[in-house]
Amino acid sequence: MIAQEKYCKIIVSSPELLAELIRKINGNMAPDNIIRHLQRASKSIRSNVALIETLRESGLKDSEIFEQEDKQAVIDAI
């Protein structure tokens, strides 16, 4: 599951959320790399468990966080 791109921009612009994300990743990625991934809205950061936990703790529901598949595209693929 991948978080929506808009949440990367929200975290980058919120010092509290960014600090919480950096703390949760806890040395597995350098802070400047985290920021770069957020600025690019890379899939690797959007699928990161720490990012998803940070968004959940900020009060967002899973239905708001995750990208919704285009139902018509799924139907067309079948």
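The values are calculated or read from the model by the stated rules, or taken from the named source; none is laboratory data. Just so it is clear, the structure is predicted and the values come from calculations on it, not from any experiment. For neighbour counting, all protein chains shown are included, and Cβ atoms are generated from backbone atoms with ideal geometry for every residue, glycine included. When the accessible area is computed, the model is the full protein with side chains, heavy atoms only, and any ligands, DNA or RNA have been set aside. Shrake-Rupley method; radii C 1.70, N 1.55, O 1.52, S 1.80 Å.
Give segment 30-61 a look and list any residue that's in contact (Cβ under 8 Å) with a residue 24 or more places away in the chain, loosely packed, with under 13 Cβ neighbours inside 10 Å and among the acidic types (Asp, Glu), or say none.
Once the filter is applied, which keeps residues that are in contact (Cβ under 8 Å) with a residue 24 or more places away in the chain, loosely packed, with under 13 Cβ neighbours inside 10 Å and among the acidic types (Asp, Glu), segment 30-61 yields only GLU57.
Would you check which residues across segment 1-29 are open to solvent by less than 70 Å² (accessible area, probe 1.4 Å), free of Cβ contacts under 8 Å to residues at least 24 places away in the same chain and of a type in the set (A, V, I, L, M, F, W, C) and list them?
Passing the criteria: LEU18, ALA19, ILE22, MET29.
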